[in-house]
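Here's the structure we're looking at; comments come further down.
The values are calculated or read from the model by the stated rules, or taken from the named source; none is laboratory data. Values in this document were obtained by computation on a predicted structure and should not be read as measured data. Ideal geometry is used to build each Cβ from the backbone, glycine not excepted, and the neighbour counts take in all protein chains shown. With ligands, DNA and RNA removed, areas are computed over all heavy atoms of the protein, side chains included. Shrake-Rupley method; radii C 1.70, N 1.55, O 1.52, S 1.80 Å.
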Amino acid sequence: MLVIDDRYQSRPPRPFAPGGEIAGVVQAVGTGVTGVSPGDRVIGMVGHGDLAEKVAVDGDRLYPLPDGRGFTEGAALLLTHATAIHALRSRAARGGSVAAGAGRAGRRRRLVRRQGARGAREAGADDTLVYGRAPFDRDGSMALADRFKAAGGRCGFDVILDPVGGDHAEPALRSIGWEGRYLVVGFPAGIPRLPLNLALLKGCDVCGVCGVFWGAFAARDPAATVAHVERFALWAAGRIMPRVARLFPFDRAGGVAAPA
């Protein structure tokens with residue numbers, strides 16, 4: 001949706017078909033392609049143009065769909081989990097206790113927030129925090145910061161992974177611990193404007209705010225995308241599981257809108 005709205009890092013020339021990930025069966029392969037054969041069940045990522053009945057994909061962008069896993073799960077695995085694994089493996093750390101935030105700006109936000117918090121706990125979060133609806137005025141922003149600080153404990157968070165941005169970013173940064181790491185993953189709620197004095201007060205500098213753009217990382221250094229191997233191992237072990245909120249028939253794809 002960010003790509004369609006022209007608010008994403010990559011902006012394909014118009015016109016284009018949306019859709020970033022696919023799952024299906026290989027029909028044919030080009031000359032010189034190895035490692036992929038007709039009839040293989042695969043998943044892959046192109047970036048855009050995947051919302052189609054058939055799509056041509058570079059062979060090195062396809063991965064075998066493991067036995068026992070369906071196309072629905074497979075089409076929701078690659079980008080989201082690779083980004084998170086890259087963030088935690090390459091930019092931060094793993095193994096600590098996890099507090100997950102959930103929120104929703106919309107008429108059905110209360111139900112969706114509860115679902116988000118429950119999903120976070122089912123995924124292994126030690127604690128969850130349900131936040132209110134943006135935008136926040138100054139008092140609302142400071143109140144949210146206080147809630148984040150309470151979740152982070154006396155020493156604050158060592159790592160904050162922010163896939164939301166917008167008005168949630170500054171309150172989250174206020175809850176970070178000394179020399180913590182703030183991982184900028186995405187900004188569907190808008191590109192935040194962070195006061196740099198917070199980085200100073202927290203013992204961080206601009207380098208302490210880590211950009212996480214897995215797509216560019218994978219394109220620049222394919223040999224270093226070890227997240228692929230790790231992601232499939234975690235999936236096979238049941239430690240990660242794509243959450244598919246809704247399914248739509250193909251003929252409704254052009255009219256599907258985000259839930260209010």
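List of remarks:
- Heavy-atom SASA rank of 63, 182, 8 (probe 1.4 Å, accessible area, largest first): 8, 63, 182
- Ranking 235, 178 from most to least accessible surface, computed with a 1.4 Å probe over the protein chains only, gives 178, 235.
- The listed residues 142, 45, once ranked by accessible area (1.4 Å probe) with the largest placed first, stand as 142, 45.
- Subtracting the Cα-Cα distance of residue 10 and residue 137 from 0.36 nm times their residue separation leaves 42.6 nm of extension gain.
- Modelled FRET efficiency - R0 25 Å, residue 245 with residue 93, Cβ distances, 0.05 increments: 0.25
- Shape call, segment 15-57: gyration tensor on alpha carbons, a/c limit 1.5: prolate
- Per-residue SASA remark: residue 128, around 30 Å² accessible (1.4 Å probe; ligands, DNA and RNA not included).
- Annotation: residue 97 carries an accessible surface of approximately 110 Å², with a 1.4 Å probe and no ligand, DNA or RNA atoms counted.
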